[in-house]
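Report on one structure; see the data block that follows.
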Amino acid sequence: MTSTDPATQSNDEDLTTIVVDQFYPHPPERVWRALTTPELLAQWLMPNDFRAEVGHRFTMRGRPVEATGFSGVVASTVLAVEAPRLLRISWADAEGGNAMQTTVTWTLQAEGAGTRVLLEQAGFDADDAVDQLSRRIMTGGWRSMILARLGEILDDAA
Amino acid sequence: MPRRSRSAPLDRLVGALANPTRRDILDALLEREQTVTELAARFDMARPSVSEHLASLRAGGLVDERTSGRHRYYSVTPGPLQELADWLTPYERFWRGRMRDLGTVLDQLEQDDHPHDDEGRR
């Protein structure tokens with residue numbers, strides 16, 4: 001049921017962190033540029049008024065995501081800037097659509113002729129996780145998945 | 001047919017959730033831990049039926065039991081819900097997409113930096 005995509009891990013002990021690990025055949029300086037230049041950030045993340053300065057508050061505007069209750073607008077503060085290795089921002093739904101406040105960290109490491117980037121989003125509340133998952137189950141969001149799996153189980157038993 | 005090694009616990013989990021009454025019980029337990037008696041009253045069900053459902057939920061790892069004096073309290077446990085770490089899937093999907101798009105931007109930056117580079121270091 002869970003994908004075996006090697007680039008994504010969820011810490012098994014902890015529902016509260018997402019990790020995405022990605023290698024780019026590009027030098028760290030170029031990756032850092034793409035990470036911290038507002039116009040470039042707008043292309044791969046969301047339009048923003050970002051500045052690579054600790055303490056800078058900014059917003060990002062994207063498309064709402066129903067699955068997570070995301071309004072589409074992110075309120076952020078720059079928490080750490082360590083060129084060209086680390087960028088950390090806080091991340092919250094600007095319209096309080098889902099009350100979670102998380103941190104997003106990008107860590108860059110030179111690797112051969114390229115750069116390994118680790119993205120971590122942390123701070124999801126574990127109780128929230130149980131709550132949200134269960135709420136989704138109750139509202140039938142998982143019904144089709146469960147029924148499909150149930151179908152497989154019944155076929156195997158036949 | 002080859003079975004994934006984690007399928008047995010998952011099957012129990014899915015089995016536990018596949019029943020609407022059990023989902024209702026889980027929903028009730030999310031408010032607070034309760035006894036069989038409280039659940040039976042709330043759902044107007046016989047106690048043995050409630051106990052059966054709770055047994056299935058426990059086998060699915062969704063519910064914990066603790067004894068306090070003469071009472072057994074049931075509560076939701078988050079542990080095995082880690083099997084369904086897919087609740088994070090929308091977030092994972094979002095970030096995987098963003099990291100892919102970052103790659104596209106980087107490739108474009110390289111093109112911009114080396115417009116006449118025919119070797120194409122991809």
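Apply the Karplus parameterisation 6.51 cos²θ - 1.76 cosθ + 1.60, with θ equal to phi minus 60°, to every residue of the stretch B:59-68 and state each ³J(HN,Hα) to the nearest whole Hz, in sequence, with x for glycine and proline.
Taking θ as phi minus 60°, the curve returns 4, x, x, 8, 10, 10, 10, 9, 9, 9 Hz for the stretch B:59-68.
I'd like the Karplus ³J(HN,Hα) series for the stretch B:37-54: coefficients 6.51, -1.76, 1.60, θ = phi - 60°, whole numbers in Hz, and an x wherever there's a Gly or Pro.
4, 4, 5, 4, 5, 4, 9, 6, 10, 6, 4, x, 5, 4, 4, 4, 5, 5
Express the relative contact order of the stretch B:9-77 as a whole percentage, based on alpha carbon pairs under 8 Å and six or more residues apart in sequence.
With pairs under 8 Å counted, the relative contact order is 41 percent.
Tell me the total accessible area that A and B bury against each other, 1.4 angstrom probe, in square angstrom rounded to 100.
4700 Å²
With a 1.4 Å probe and all protein chains left in place, how much accessible area per residue does the stretch B:9-77 have, in Å²?
Accessible area per residue, the stretch B:9-77: 52 Å².
With every atom except the alpha carbons ignored, what do you get for Rg and Dmax of the stretch B:9-77, in angstroms?
Rg, Dmax (Cα atoms, Å): 11.1, 34.
Assuming R0 = 41 Å, what is the FRET efficiency of B:Ser75 and A:Thr105, from their Cβ-Cβ distance, to the nearest 0.05?
0.75
The values are calculated or read from the model by the stated rules, or taken from the named source; none is laboratory data. Since we're looking at a predicted model, the values are computed, not measured. Cβ sites come from the backbone with ideal geometry, for glycine too, and all protein chains shown count toward neighbours. Heavy atoms of the whole protein, side chains included, go into the accessibility calculation; ligands, DNA and RNA do not. Shrake-Rupley method; radii C 1.70, N 1.55, O 1.52, S 1.80 Å.
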